[in-house]
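Enquirer: Handing you this structure, nothing more for now.
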Amino acid sequence: MAHATYPQPIVRAPRVHVPNSEAVSFALGGRRISGVLHKISTTGGLARLTHQVSAGTLAQIKLNTVVGPVSGIVELLKPDAHVGGTLQPFKFIVLHNDDHHRLSKMVQVLKERGFSA
């Protein structure tokens, strides 16, 4: 007997605001771009960067969280230019298990502290 498949509802990963101007850096080949993390989830985030980066660019991300360092590969998405810098969204492409666990824990801790976005 065939089973009908129904589309599953899309549930967004919980997002949180990141307090305290947490630093983030992106390594793009031989160049490094620094920024301040504004929002984060287990699927991506938003950072204010010193330089605009083209959408589709892959980079290595490094950030220190309240539960330890997180690094992985991200795809930078279409930037939004603002006064004082560029808001650059990104999505995680590759995260090792330990990094994913620390990222999930960070999101949970910030959510519990009332920083839900």
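We did not get these values from a lab; they are worked out from the coordinates using the rules stated. From a predicted model like this one, the values you see are computed outputs, not experimental measurements. Note that we place each Cβ from the backbone using ideal geometry, even for glycine, and neighbour counts take in every protein chain shown.
Enquirer: Convert 25 °C to kelvin, take the viscosity as 0.890 mPa s, use the Kirkwood radius over C-alpha pairs of region 16-110 as Rh, and evaluate the Stokes-Einstein diffusion coefficient in µm²/s, rounded to a whole number.
Expert: Stokes-Einstein gives a translational diffusion coefficient of 188 µm²/s.
Enquirer: Sticking with this one: On full extension of the chain, what length is gained from N97 through T43, given 0.36 nm per residue of separation minus the C-alpha to C-alpha distance?
Expert: That pair, N97 and T43, stretches by 18.1 nm at full extension.
Enquirer: Separation between the V109 and R12 pseudo-spin-labels, each 7 Å from Cα along Cα→Cβ, expressed in nm?
Expert: Between V109 and R12, the simple spin-label model gives 2.5 nm.
Enquirer: Considering the chain as a Gaussian network with a 10 Å cut-off on Cα pairs, which listed residue, V24, V74, V66, attains the greatest mean-square fluctuation?
Expert: Maximum fluctuation in the GNM of the chain, among the listed residues, is at V66.
Enquirer: A further question follows. Taking θ = phi - 60°, what integer Hz values does the Karplus form 6.51 cos²θ - 1.76 cosθ + 1.60 yield along region 29-38, in sequence order, with x for Gly and Pro?
Expert: Using θ = phi - 60°, the values come out as x, x, 10, 10, 10, 9, x, 10, 6, 9 Hz.
Enquirer: Which of these, S21, S41, S104, has the largest mean-square fluctuation under a Gaussian network model of the chain (Cα springs below 10 Å)?
Expert: Result for the chain, Cα springs under 10 Å: S21 fluctuates most.
Enquirer: While we're here: Taking the simple approach of a point 7 Å from Cα along Cα-to-Cβ for both R32 and K62, what is their distance in nm?
Expert: Here the answer is 0.5 nm between the modelled labels.
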